[in-house]
Amino acid sequence: MKIRILPICVLALLLTVLSCARLPAPNALASGVAAAQGGDWDEAVRYWTVALEHDPGSAAVHNNLAVAFEKRGAWEDARREYEAALRLDPANRTIRENFEAFEARTAAARKGS
C-alpha cells in the first residue's frame, strides 16, 4: 500500500510545482511587433516587457523596447534598452544603427532646445 501512495504523492508534488512555474510567452515578441506596426507603442511595450521577463538575454527584445520607448518619448528608458541590446549583441548592425540614429536625434533635440 505504501508503494502505491508514494508515486501519487510525487506526482501531486510535481504538478503543484509545475502549476506555479511561469510558462513562456512565445507570442509576446510577435504580438509586440504587431502592436508596433499598428502604431500602438504602449501595447508593444507591454508585450515586449513580458517577452523580456521570459528571455532577459534577448538583444532583439531590448532593441524593440528601445525603439518603442523612443517613440513614446521615454529617452532614458530607450537609452538603457539600446545599451543593454548592444551589450548582449555588440556586433548586431541593426541595433548599432538604431542606437546611432537615436544618439543623433537626441543630440539634435538638445541643440534645438
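The values are calculated or read from the model by the stated rules, or taken from the named source; none is laboratory data. Owing to the predicted nature of the structure, the values given are computational and were not obtained by experimental measurement. Cβ atoms come from the backbone with ideal geometry, glycine included; neighbour counts cover every protein chain shown.
Considering only residues that are hydrophobic (A, V, I, L, M, F, W, C) and in a loop (DSSP other than H, G, I, E, B), which ones fall in the stretch 66-113?
Ala74, Ala91
Of the conditions (1) exposed (fewer than 11 other Cβ atoms within 10 Å of the Cβ); (2) at pLDDT below 95, Asn27 satisfies every one except a single condition; which number is it?
All conditions are met except number (1).
So, in the stretch 37-91, exactly how many residues are over 14 Å from the mean Cα position of the chain (by Cα) and among the basic types (Lys, Arg)?
Selection size over the stretch 37-91: 4.
One residue is enough: does the stretch 58-71 have a residue meeting the conditions touching a Phe, Trp or Tyr at 6+ places or on another chain (Cβ under 6 Å), surrounded by fewer than 18 Cβ atoms within 10 Å (Cβ to Cβ) and touching a residue at least 12 places away in the same chain (Cβ under 8 Å)?
Yes, the stretch 58-71 has at least one match.
Quick check on my filter: what residues within the stretch 72-104 are in contact with a helix residue (DSSP H, G or I) (Cβ under 8 Å, 6 or more places away or on another chain) and either over 26 Å from Asp55 (Cβ atoms) or hydroxyl-bearing (Ser, Thr, Tyr) (or both)?
Within the stretch 72-104, Tyr82, Thr94 qualify.
For the stretch 4-19, does any single residue satisfy the condition of being modelled with pLDDT of 50 or more and either polar (S, T, N, Q) or part of a loop (DSSP other than H, G, I, E, B) (or both)?
No: zero hits.
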